[in-house]
Amino acid sequence: MGNTNIVNVINLHKVEKKLIDINNKRGELPAKIASINEQIESLSKQKEESETRLAEIEKRKVLLNGTLSDIEKKVNSLNDQMYKVKSNKEYEALLSEIDHLNNENNNHFEELGTFEDEIGSINSNLTENAEKLESENNKLSANQEKLNEANLLIESEEKELKKEKKSLTGLLSNDRSIESAYNDKKDEYEGLAFASINRNCCNNCYSSLPPQLIIDIESQKKLVSCPSCSIFLYIEDENLEEEE
Ligand SMILES: [Zn+2]
């Protein structure tokens, strides 16, 4: 009869290993979905920025067109005054003001002209963006559907295993030294504290194990580490039964 806490920690390892195996059935899907979501987020942000810029341009266009028509009115009225001037000096002054206003209008026209190019390029970006968004959204639903299918197959087993894990973790907390040894080893070996043995060899590093060690592993009275790689060792149930 083994030590209960050792039996519990080995069972906890088996449950956690099954949980890892089950989660692997989801494959690359969760990572893929996360990366598609990132892409969608970035495309949506680009779209928003383009739309904000278009609105800014529209506002500026309204302002410039208003100014243009104001200036035109001023120029017309100054032109009318030209007929009534009484001195060269007055004439020069009017002429210079008209010149100044015409220059101002030219600048506004130029600015309005640059907007046409910018609007064109923003609209073509928006079209491209909409196509990409549609394709990413299609990819997302296809992958989400695959993930849902995978989840459907594993969810109930996973739920049971998580329940088992919780109860074994609770039992293990009775023995803090085994609990912390287990958790430390798990951190060291990427989630798996134990390796099974196969033909008296460690399944983690494949070195062969001395007979006394096999007896210690079989008796389940203490935690046994592999002398070569230091992972904890246990015997799979089917092998344990064979040897009994
Ligand atoms: Zn080893």
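Scanning the stretch 210-235 for residues that are more than 8 Å from the ligand (Cβ to nearest atom) and hydrophobic (A, V, I, L, M, F, W, C) yields a count of 8.
When ASP184 is tested against (1) within 13 Å of the ligand (Cβ to nearest atom); (2) within 38 Å of the chain's Cα centre (by Cα), just one condition goes unmet, and that condition is (1). Residues in the stretch 27-70 that are surrounded by fewer than 16 Cβ atoms within 10 Å (Cβ to Cβ), within 30 Å of GLU236 (Cβ to Cβ) and in contact (Cβ under 8 Å) with a residue 60 or more places away in the chain: GLY27, PRO30.
Each value in this text was obtained by applying a stated rule to the coordinates, not by laboratory testing. Values in this document were obtained by computation on a predicted structure and should not be read as measured data. With ideal geometry, Cβ positions are generated from the backbone for all residues, glycine too; neighbour counts draw on all protein chains shown.
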